[in-house]
Each structure stands twice: as structure tokens, then as C-alpha cells.
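Everything on this sheet refers to the single structure shown next.
Just so you know, all these numbers are worked out from the coordinates, no wet-lab data involved. Since the model is a prediction, treat every value here as computed from it, not as a measurement. Here the Cβ positions follow ideal geometry from the backbone for every residue, glycine too, while neighbour counts run over all protein chains shown.
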């Protein structure tokens with residue numbers, strides 16, 4: 001990570017959070033330009049940086065609500081709350097090369113009952129390089145069981161609200177499911 005002046009980093013500006021990265025040699029392909037896959041790593045690390053700045057834990061160990069809530073064999077294992085990704089995409093506009101510095105502008109595009117959609121804009125020297133989107137779902141993870149989507153607490157919603165691309169309603173209705181939408185996860 002590159003140290004960033006306070007005006008340009010870990011702060012909010014009109015619903016934007018900016019993280020800066022340098023294109024490392026490992027991030028490039030044989031042609032010397034940033035490999036497409038590096039953008040997905042940068043989106044995830046910028047998202048994690050934003051969550052830390054907002055005081056939202058990426059991973060939380062929790063105690064089951066009641067012994068009946070955790071059925072064997074999972075009852076003896078700790079439960080975890082985390083944010084698995086259910087969708088990720090990136091569109092590329094222009095190339096960047098080894099040692100270029102990029103700004104990753106992150107904003108909260110939407111928040112649902114259990115999901116958040118992050119928007120990313122990559123810039124190099126003010127030039128638009130790429131844009132991406134990641135949908136993450138707050139899930140309860142239990143050993144031996146599939147992830148279970150859980151509601152995002154109001155406290156976390158309030159901590160994320162300043163990063164919204166546009167003002168968010170206090171309790172906005174859920175959007176209609178999209179084609180191909182995974183059941184139980186929004």
C-alpha cells in the first residue's frame with residue numbers, strides 16, 4: 001500500500017472512499033500491463049480498507065443465539081459472520097503498467113436486507129482506467145452447513161451510509177429479484 005495524503009485517502013467525499021495502489025510487477029502480464037485479475041484483488045482490498053475505516057468488521061466470531069439454534073454437528077463449532085461475494089464484474093477502459101499509481105474510488109451503490117453492492121472506479125493520473133462492481137452478502141457461516149444470509153444490522157447500515165453514492169432512504173424497499181438471482185441471498 002502507498003501512503004496517501006489525508007485529503008485523498010481513507011475519507012469520504014460525496015459518498016466516495018479513495019484507496020491508492022501501485023501496480024506491482026506481479027500484477028502485470030507478459031505485455032507489461034496490469035493483468036485483468038489484479039483489478040479483482042484491488043477491489044477486494046479497497047473494500048476491506050473502507051470497512052475498516054467505517055468500523056465494520058469483515059469477520060466476526062459469534063456465539064449461537066441458543067443451543068437449539070446450532071444443531072449438531074455444527075453446535076460444537078464457532079459461528080462466523082462475514083461477507084461472501086455473490087457477484088463481481090469489471091470493465092476495462094484503458095491500460096495501466098508496472099509502477100503506475102492508481103486511485104480506486106469506492107462507493108456504496110445499494111444496500112439490501114442482507115447485501116451490499118459496491119461500485120469501483122479506477123483512475124490513473126485522472127484518466128478513467130476501469131470500473132467494477134461487487135455484491136457481498138452478510139452471511140452466518142457454520143461448519144458443515146451452507147452460508148445463511150442474515151440481515152445487516154441498523155448499526156452497520158448507519159456506518160456504511162456515508163459511503164453511499166446517493167442518499168439512502170431510512171428503510172428502502174427491497175428491489176424485485178433479478179433473473180438468475182440466487183435464492184435466499186440478495
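Before moving on, here are some points about what is shown:
- In nm, spacing of pseudo-spin labels at residue 165 and residue 61 (7 Å Cα→C-beta vector): 3.7
- Computed extension length for residue 41-residue 145: 34.8 nm, one decimal, from 0.36 nm per residue of separation with the Cα-Cα distance subtracted.
- Rounded if a/c under 1.5, otherwise prolate or oblate - the range 79-118, Cα gyration tensor axes: prolate
- Per-pair calculated FRET efficiency, R0 = 22 Å: residue 128 and residue 99 via Cβ, rounded to 0.05: 0.70
- Each residue, residue 52 and residue 158, gets one label point 7 Å from its Cα in the Cβ direction; the gap between the two is 2.5 nm.
- In terms of the mean number of neighbouring beta-carbon atoms within 10 Å, the peptides 78-86, 147-155 order highest first as 78-86, 147-155.
- With a Förster radius of 45 Å applied to the beta-carbon distance between residue 25 and residue 80, the computed FRET efficiency rounds to 0.85.
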